[in-house]
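The values are calculated or read from the model by the stated rules, or taken from the named source; none is laboratory data. The model shown is predicted, which means the values in this text are computed figures rather than measured ones. Methodologically, a virtual Cβ is constructed for each residue, glycine included, from the backbone with ideal geometry; neighbour enumeration extends over all protein chains shown.
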Amino acid sequence: MDARVLEYAVLDETVTYSGHSSLFIDGAELGPVPCLAICQGLDEPDSFLLHCHSNWDVLGIASYSSPQESKRRAERIYPGVSHCWVDAGVSEQEALAYREEVSSALQCGFCGKGPDQARQVIEKNGSRICSDCIEEIYNALQESKHQP
């Protein structure tokens, strides 16, 4: 999932926990968390409410139809959180540019496929090649062995 953070909140002493998150991880309901983030998918309309540890490791994710719905749900789970939200200040263009920058550094040097487009990308000494190109090269070498 590629998404940009729209807003985040560090929950302070004025925020309470309702007692129910309705978010289950491995069969157990996720309890109170110290941080929340609202994200918007870059390639999809969904919004996500991330329940995070204090170091921003994601502990659970819930999907909603809009950022406003994510915020309403957060307020039901954590009454008082509405005053804690901070605008992340990342535009959609900035998020897309960052994604392109990160993915271009991981692309196959032969065909340009990224890790999300190939089964596997192998790196050695700063060069990358995807499994599709390896297979293509292997087949070409096999064919050249059998040609006069």
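Here the stretch 17-69 is the region considered, the condition is being more than 18 Å from Asp2 (Cβ to Cβ) and β-branched (Val, Ile, Thr), and the residue that is modelled with the lowest pLDDT is Ile25.
Taking the stated definitions as given, is Glu75 within 28 Å of Leu30 (Cβ to Cβ), at pLDDT 85 or above and not basic (Lys, Arg)? So Glu75 passes the test. If you go through the stretch 76-115 and keep only what is more than 27 Å from Cys35 (Cβ to Cβ) and not polar (S, T, N, Q), you end up with Glu100, Ala105, Leu106, Cys108, Gly109, Phe110, Cys111, Gly112, Lys113, Gly114, Pro115. The set of residues from the stretch 1-47 being of a type in the set (A, V, I, L, M), touching a Phe, Trp or Tyr at 6+ places or on another chain (Cβ under 8 Å) and within 20 Å of Tyr98 (Cβ to Cβ) comprises Met1, Ala3, Ala37, Ile38.
Taking the listed residues Cys84, Cys111, the one that is assigned by TED's automatic domain parsing to the domain that holds Glu7, closer than 25 Å to Leu42 by Cα and modelled with pLDDT of 90 or more is Cys84, with no other qualifying.
Restricting the stretch 1-39 to residues that are aromatic (Phe, Trp, Tyr) and under 20 Å from the mean Cα position of the chain (by Cα) leaves a set whose member that is surrounded by the fewest Cβ atoms within 10 Å (Cβ to Cβ) is Phe24. The set of residues in the stretch 1-24 that are among the acidic types (Asp, Glu) and in contact with a strand residue (DSSP E or B) (Cβ under 6 Å, 6 or more places away or on another chain) contains only Glu7.
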